[in-house]
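All remarks here apply to the structure that follows.
The values are calculated or read from the model by the stated rules, or taken from the named source; none is laboratory data. Bear in mind that the values here come from a model prediction, so they are computed numbers and not experimental data. Positions of Cβ are generated from backbone atoms using ideal geometry, with glycine treated the same way; all protein chains shown enter the neighbour counts.
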Amino acid sequence: MATSSKTHKMIRKMVRELCRDKIAELAKEADKTKVYPQALHEVFVDAGLFVIRVPEAYGGVEMDYTSSVIVVEELARVDGTCANTVAHHHAGLCSFMKGANPAQKDRYLPKIGKGDYMVGFALTEPNAGSDAFSLQTTATLEGEDYILNGNKCFVSNSGLTDLYVVFSTLNPELRRDGITAFLVERDTPGFTVGKAESKMGFRASPTCELVFDNVRVSKENLLGEAGKGWQLVHQSLTETRVMVAAMGLGMAQGAMEAAVAYAKDREQFGTSIINFQGISFMLADMAIQVELARALVYNIAEKVDRGEKNLHYYASIAKCAASDIAMKVTTDAVQVLGGYGYTEDYPVEKLMRDAKATQIIEGTNQVQRIQIARQLSKIY
Ligand SMILES: Cc1cc2nc3c(=O)[nH]c(=O)nc-3n(C[C@H](O)[C@H](O)[C@H](O)COP(=O)(O)OP(=O)(O)OC[C@H]3O[C@@H](n4cnc5c(N)ncnc54)[C@H](O)[C@@H]3O)c2cc1C
């Protein structure tokens, strides 16, 4: 669906004000405690951030893809945990919307539409990260049910999530053609949330192991077709990679703004440090990279909205470029702030820690380059 640029401006303003008034302080504290606070969750729920792109008939807010990218960018401008929480809910939701049959939509969309029901995306396993065809979580048909056994790891929003989209395999030897997605509710017997990672960034976003010990799910919980789960992964990653690109853009923007403000204010040798060419050129390079990332991210978000061809290729380009830019700009921002940049008194060290995750999540940047290179020869 198309959304006018007036609406886009309104959404940006709304989320920016929300970040300033209600999110920034809570998020800063949560980064220190490494706990996702209920108060922050309630801000997201009240603002409807978990029902973006859910059909209005079910209580959602139907908006175009570009709008959801704006939301993630604005959240990331102040905090990675917040952006990751919303973006990974949308990763699960995206797989659900693409794979669910009418009965599954009738069953779950009314709950999701209430705004507090979260969906998770569980693909990664201890021995299957970049090599996702090597999944070892098995799904064995037994009568009318499937029995799931295995472990997932690094799953964002673990514990907070109500419904997990779990990618398993019917037979590990089938690799891609064995991958099958299931809907697993949080209280399903045999399913537990395991060890939580203690992380460099996104510190208040729970990233945990999921354990499946003879988890019995009905055939009705099969999402999409048996053996066709990879299509769902592929389609979902196309969308969520652009969201990760938006995270990178937001972090770079936030770091650049902090660096400019500090450079104008801080005096050394009798003048503001922004007057030193060494600093001003760093700031100019930050601005160039931020605007490059912005042009790229929104160009590709609009391609997603228009349903253009080769979206996977463009999504990898956006993800790779914007996350590399985020890492460079946030690192340089710490440098501009000198010793103070290295302290928790200023926001740039957190943005730098958060930015590192954007080069890894939704497929590492090495994997993006492999995919871009493979598709290049098909496209040109
Ligand atoms: C904060 C966070 C949140 C996450 N959230 C989720 C989530 O919600 N759901 C989910 O399913 N997963 C999630 N992940 C997992 C993430 O998608 C994986 O970490 C990522 O895909 C990389 O897998 P890996 O960590 O096993 O690294 P590996 O695949 O082991 O890679 C290790 C290194 O080898 C490189 N490498 C691997 N293969 C190649 C190759 N062929 N050529 C060149 N280099 C290669 C990689 O680029 C990397 O540098 C999350 C991860 C983090 C850190």
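When the stretch 352-380 is limited to residues that are free of Cβ contacts under 8 Å to residues at least 24 places away in the same chain and not in a helix (DSSP H, G or I), the one that is nearest to the ligand (Cβ to nearest atom) turns out to be Ile360. Looking at the stretch 94-113, is at least one residue within 13 Å of the ligand (Cβ to nearest atom) and out of contact with any helix residue (DSSP H, G or I) (no Cβ under 6 Å at 6 or more places or on another chain)? The answer is no; no qualifying residue exists. Counting only strands (runs of 3 or more DSSP E) that sit wholly inside the stretch 137-244, those with at least 1 residues that are within 25 Å of the chain's Cα centre (by Cα) and surrounded by fewer than 24 Cβ atoms within 10 Å (Cβ to Cβ) are 145-156, 163-169, 179-185, 191-196, 207-218. Scanning the stretch 342-371 for residues that are over 18 Å from Ala83 (Cβ atoms) and over 20 Å from the mean Cα position of the chain (by Cα) returns Tyr342, Thr343, Glu344, Asp345, Tyr346, Ile370.
There is no residue in the stretch 330-341 that is within 24 Å of the chain's Cα centre (by Cα), outside the structural domain of Leu75 (by TED's automatic domain parsing) and closer than 21 Å to Thr124 by Cβ.
The set of residues in the stretch 92-136 being among the basic types (Lys, Arg) and either farther than 17 Å from Leu232 by Cβ or not in a helix (DSSP H, G or I) (or both) consists of Arg107, Lys111, Lys114. Taking only pairs six or more apart or across chains, which ones have beta-carbon atoms under 9 Å, a first residue in the stretch 220-236 that is acidic (Asp, Glu), and a second residue that is crowded, with 20+ Cβ neighbours inside 10 Å? Within 9 Å, the pairs are Glu220/Leu183; Glu225/Gly99; Glu225/Thr180.
Right, Thr33: of a type in the set (Val, Ile, Thr) and within 30 Å of Arg294 (Cβ to Cβ) or not? No; evaluated as a whole, the condition is false for this residue.
Could you check the stretch 308-338 and list, in sequence order, the residues that are in contact with a Ser or Thr (Cβ under 7 Å, 6 or more places away or on another chain), closer than 21 Å to Asp64 by Cβ and crowded, with 24+ Cβ neighbours inside 10 Å?
Ala315
Taken over the stretch 36-62, the criterion of being touching a residue at least 60 places away in the same chain (Cβ under 8 Å), on the phi < 0 side of the Ramachandran plot and outside any helix (DSSP H, G or I) is satisfied by Tyr36, Pro37, Phe50, Val51, Glu62. Checking Ala128 against (1) in contact (Cβ under 8 Å) with a residue 24 or more places away in the chain; (2) within 11 Å of the ligand (Cβ to nearest atom): exactly one of these is not met. Which one? The failed condition is (1).
Across the stretch 293-307, a minimum of one residue is classified as part of a helix (DSSP H, G or I), more than 16 Å from the ligand (Cβ to nearest atom), surrounded by fewer than 22 Cβ atoms within 10 Å (Cβ to Cβ) and of a type in the set (S, T, N, Q). Scan the stretch 73-83 and give yes if some residue there is crowded, with 23+ Cβ neighbours inside 10 Å, closer than 17 Å to Leu237 by Cα and not assigned by TED's automatic domain parsing to the domain that holds Leu237, otherwise no. Yes, the stretch 73-83 has at least one match.
Within the span defined as the stretch 261-283, every residue fails to be within 16 Å of the ligand (Cβ to nearest atom) and aromatic (Phe, Trp, Tyr).
Let me confirm something: among Val193, Val155, Val217, which residue is β-branched (Val, Ile, Thr) and out of contact with any Gly (no Cβ under 7 Å at 6 or more places or on another chain)? Break it down into steps so the answer makes sense when it comes.
On the way: Val193 fails: out of contact with any Gly (no Cβ under 7 Å at 6 or more places or on another chain); Val155 fails: out of contact with any Gly (no Cβ under 7 Å at 6 or more places or on another chain).
Going through Val193, Val155, Val217 in turn, just one is β-branched (Val, Ile, Thr) and out of contact with any Gly (no Cβ under 7 Å at 6 or more places or on another chain): Val217.
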